[in-house]
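**Student:** Take a look at this one; I'll ask things after.
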Amino acid sequence: MSDDSLDIRDGGVIAVDTGQLRAAASVLVGLSTRCDALRSTFETGTRELAAHDATAWPAAAVAVDLARVLHELAVEASALAGGLRDAADVYDIVELEVSRRAAADGDRRVTALLDHRIAEARERSPSAGGRADLLLMTWPLLRHGELQRQIGGATVPLGLLGGAAVAAGGLALTALGALGLGRTPPARGGPGSVGGAGPAPLVEVARSAAPPGSASPPLTLATLAERIPREGDQLRVERYTVAGGERRFAVYVAGTRSPLGFGGREPFDMSSNVQLYAGRTSASYESVVTALRAAGARSGDAVLAVGYSQGGAITSRLALDGPFRVVGNVTFGSPVQADPGVSTVQVTLRHTDDLVPALQSGGHLDRAGAPGSIVVERIADPPPGIADITLGAHSMDAYGDTASLADASGDPRVGDVHERLAQFVGDEPAEVTTYRVQRPE
């Protein structure tokens, strides 16, 4: 765990609670007022002491210093309060603009209301509007700053060639963001998409040679991370039976197994990566649907989907267009961030020095998923080094560390995720089956 600094937020570009900023400003204004009142009281007492010969000189000497300190405190508190109010105005406008963009194709009454609120906020503080525009304009250019810094440090020995590689990478990521790639909206549909009419790739799904076992209910993010297959089988399915006999399922999906493969027998290859990133179906996606059905899941059954890397792209498409009711989508280092809508709680864990989630183009401007959805970010390996080129920050072990840090953070939003996990899986052990999948010969 190289860096214990976590950024846990509801998602999107906004990570600031403007209500708390204004509350802090009010506290500072009160402090400034009290300092002024204390200075006034002190000066009155000083004048009374100065009227007597025995206390005149000591009182005058002390009065100058204390009056100056109290005045400086009052001025600084007032200035800081003003700065916090100005910042709140800026982030209010940014949040409104983000909501307006997210609602661009939605209800016209909602967009009209947002337009009105934006106009009012900008009229109230034109300078805040200008600063908000600057933030929105520079965010796409700066969001990959940590990744570029580390790759730049690692490629210093390459001289100009290394610098050119960093610049080219930055331009490529900016272009992907401009095209909207990596941010998947709900139910794209259309021919060839997961939800469209394109033919499904053929896959062979076989139960693991190991006999089915059982497992205790997963109650933390770290436990979810531990259960993602690391080698051998690519899929793990847990079947839960809760009160009333309802069946619920959790599926854990591995990452890419053949990073240089295109269309071989291994479906978790680069060919599937490209297809999923473009919003299309893939052999690896079809294998997850088939494995869930083999474990007893029927269309509409509740599923908790957990995926790492390519597995996160698969579970995201499953949440968007799959045949099951995905109530939770937990991704580690996924190249895409989906917006599955208000029926799916989404937990996104990503490292700011990991190239793969950088393909999300910063993720969605607004929160993606149901209320309670969160994004957990950190720098996995701060010092630049060769590991930055070999994707050390993308390892599942590093994401397991991040999950453990989030679990131990005490953040109430993570606590809410823990409660949702407990409600979903119940108290009884799960029936566990693992699967090995491949394309037919």
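No lab work stands behind these numbers, since they all come straight from the coordinates. Predicted model only: the values in this text are computed from it and were never measured. Here Cβ is always computed from backbone atoms with ideal geometry, including for glycine, and neighbour counts include all displayed protein chains.
**Student:** Can you list the residues of region 309-353 with backbone N under 14 Å from a point 7 Å past the Cα of ASP7, pointing along Cα to Cβ?
**Tutor:** Flagged as within label range: 349-353.
**Student:** I've got another one for you. Thinking of region 282-353 as a set of Cα atoms, what percent of all their pairs are more than 21 Å apart?
**Tutor:** Percent of Cα pairs beyond 21 Å in region 282-353: 18.
**Student:** Could you give the length gained by full extension between ARG124 and ALA24, i.e. 0.36 nm per residue of separation minus their alpha carbon distance, to one decimal place?
**Tutor:** 33.9 nm
**Student:** To continue, here is another question. Please list, in chain and number order, the residues 5+ apart from GLU204 or on another chain whose amide H is under 5 Å from its amide H, with Hs placed from the backbone.
**Tutor:** Those lying under 5 Å, H to H, from GLU204 are GLN438, ARG439.
**Student:** Quick one: Karplus J couplings for region 112-129, per residue in order, coefficients 6.51, -1.76, 1.60, θ = phi - 60°, nearest Hz, x for Gly and Pro?
**Tutor:** So the Karplus estimates, Gly and Pro as x, are 5, 5, 5, 4, 5, 5, 5, 4, 4, 5, 5, 5, 5, 8, x, 5, 5, x Hz.
**Student:** Spin-label point model (7 Å from Cα, Cβ direction): what's the GLU226 to GLU419 distance in nm?
**Tutor:** Simple spin-label model gives 2.4 nm for this pair.
**Student:** Would you pull out the residues with amide H under 5 Å of PHE324's amide H, same chain only if 5 or more places away, H placed 1.01 Å from N?
**Tutor:** It is GLY300, by chain and number.
**Student:** Need one number: the % of Cα-Cα pairs in region 199-299 sitting beyond the 16 Å mark.
**Tutor:** Counting every Cα pair in region 199-299, those more than 16 Å apart make up 62 percent.
**Student:** Please rank ILE374, ILE118, fewest neighbouring Cβ atoms within 10 Å first, as an exposure proxy.
**Tutor:** Least crowded to most crowded, the residues run ILE118, ILE374.
**Student:** How do THR352, THR331 rank when sorted from fewest to most other Cβ atoms within 10 Å of their own Cβ?
**Tutor:** THR352, THR331
**Student:** Could you work out the local net charge near ALA398, counting Lys and Arg as +1, Asp and Glu as -1, over the other residues with Cβ closer than 9 Å to its Cβ?
**Tutor:** -4
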